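The values are calculated or read from the model by the stated rules, or taken from the named source; none is laboratory data. Remember, it's a predicted structure, so these values are computed and weren't measured experimentally. No Cβ is skipped: glycine too gets one built from the backbone with ideal geometry, and neighbour counts run over all protein chains shown.
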Amino acid sequence: MNKLIRFLPLILVLALGLVLYRGLSLDPKDIPSALVGKPMPEFSLTKLTDESQIITKDDLKGNIILLNVWGTWCVYCKYEHPYLVDIAKSGRVALYGLNYKDDRIAGKQWLKDYEDPYVFSIFDESGRLGVDLGVTAAPETFVIDASAMIRMKHVGPIDARVWQDKFLPVIEMIESEQQAKQSPTQDQEVNSED
Amino acid sequence: MKINLMCQTIVSITLVYLMATSTVLARSSDTYEFQNPVTEKRFNELNKELRCPKCQNQNLADSNSPIAKDLRREVYDLLHQGKADIEIMNYMVARYGEFVLYRPRVSSLTYVLWFGPAALILMGVLVVIFIIRRKPIALKDIELSEAQQDKLKALLKDKDL
């Protein structure tokens, strides 16, 4: 017992070291989103390219919706842009943009200068929808399922690695859920066999 | 006379500079008007209690980041909608998570945070009590036997000689 007590300080220091070492590899900016598992908030804003057209939550259509928060002022949005173009072209998800705290003319020009990967972009000049979505800056990307439920939020730019490691698992999960929903009869057959 | 003039110029230049910079400072932070001093106090208190989600070591009052500005505006609007402080807190937590609170709520996730220090102090006190109250080594054990006592005396005698 006495011997054990003699080693207690060493054990405590090692435990503390382990905790602090783990802290080194954690990203303090990686805050879990409060909105995951909650429905997409209601909104009523205009389309970036057409100020007379009002967009609401119901205009976001698709089995899997990606809502990408971007702005012309945001450096990393340019970095992730080519990846977004690829993702949009793959047709696996419906990619929508949320032009966040930006200037309408600059935003339109940006889409003209580069390629426009979005089905359309929502124009959120004041950042109100951004606040409802818990957005802190651009770029951020939300994965929303067909029942308008937010399934994941990614803070920071998307690239091939992020897409592979973070997005694909969630997308595959939603896809398999949807397949299970589409063929409930098959499940019943399996159940009846048991 | 020349020196005097120079001094005057320097003083006036400094004054103009100070005035100019002070207006710049006043412009850089957003100002809100309050009809009710209580609302203003609540506004300032809430901005101290809420953490800027982007710049995590600053509260909303301290930070000049765009998101902090937006959230200050939200707090202002919510106050004028007649919302209670707790409702405003809940509104922020619903969007930005528990992280926006500088004083996180007591939950199973934050037990360590809330009670850890007290538990450590308690542990320290227990250790101190344990050490203090450990029985001192009994005097009997260190007393010499008669034979040893005689030997000691003999040795001391030798030394005296």
Exercise. When you look at A:LEU95, is it surrounded by 21 or more Cβ atoms within 10 Å (Cβ to Cβ) and more than 14 Å from chain B (Cβ to nearest Cβ), yes or no?
Worked result: yes
Exercise. Looking at the range A:108-117, is at least one residue within 17 Å of B:ASP70 (Cβ to Cβ) and basic (Lys, Arg)?
Worked result: no
Seminar exercise, completed: Counting only residues in the range A:123-137 that are outside any loop (DSSP other than H, G, I, E, B) and either away from every other protein chain (no Cβ under 14 Å) or touching a Pro at 6+ places or on another chain (Cβ under 8 Å) (or both), the one nearest to A:THR49 (Cα to Cα) is identified as A:PHE123
Exercise. B:GLN81 passes all but one of (1) within 13 Å of another protein chain (Cβ to nearest Cβ); (2) closer than 27 Å to A:ILE150 by Cβ; which number fails?
Worked result: (1)
Exercise. Which pairs have Cβ atoms under 7 Å, sit 6 or more apart or on different chains, and link a residue in the range A:1-30 that is more than 19 Å from B:GLY116 (Cα to Cα) to one that is at pLDDT below 85?
Worked result: A:PRO28/B:GLN56
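Rundown of residues vs (1) at pLDDT 90 or above; (2) exposed (fewer than 15 other Cβ atoms within 10 Å of the Cβ), yes/no style:
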| position | (1), (2) |
| --- | --- |
| A:GLU140 | yes, no |
| A:ASP165 | yes, yes |
| A:SER183 | no, yes |
| A:ASN191 | no, yes |
| A:ASP194 | no, yes |
For this session: State yes or no: is A:ARG151 touching a residue at least 12 places away in the same chain (Cβ under 8 Å), part of a loop (DSSP other than H, G, I, E, B) and more than 13 Å from chain B (Cβ to nearest Cβ)?
Result: no
Seminar exercise, completed: Of (1) within 30 Å of B:MET92 (Cβ to Cβ); (2) touching a Ser or Thr at 6+ places or on another chain (Cβ under 7 Å); (3) not acidic (Asp, Glu), A:TYR76 satisfies every one except (2)
Problem set entry | Search result, residues across the range B:59-78 that are touching a strand residue (DSSP E or B) at 6+ places or on another chain (Cβ under 9 Å) and away from chain A (no Cβ under 13 Å) | B:ASN59, B:ALA61
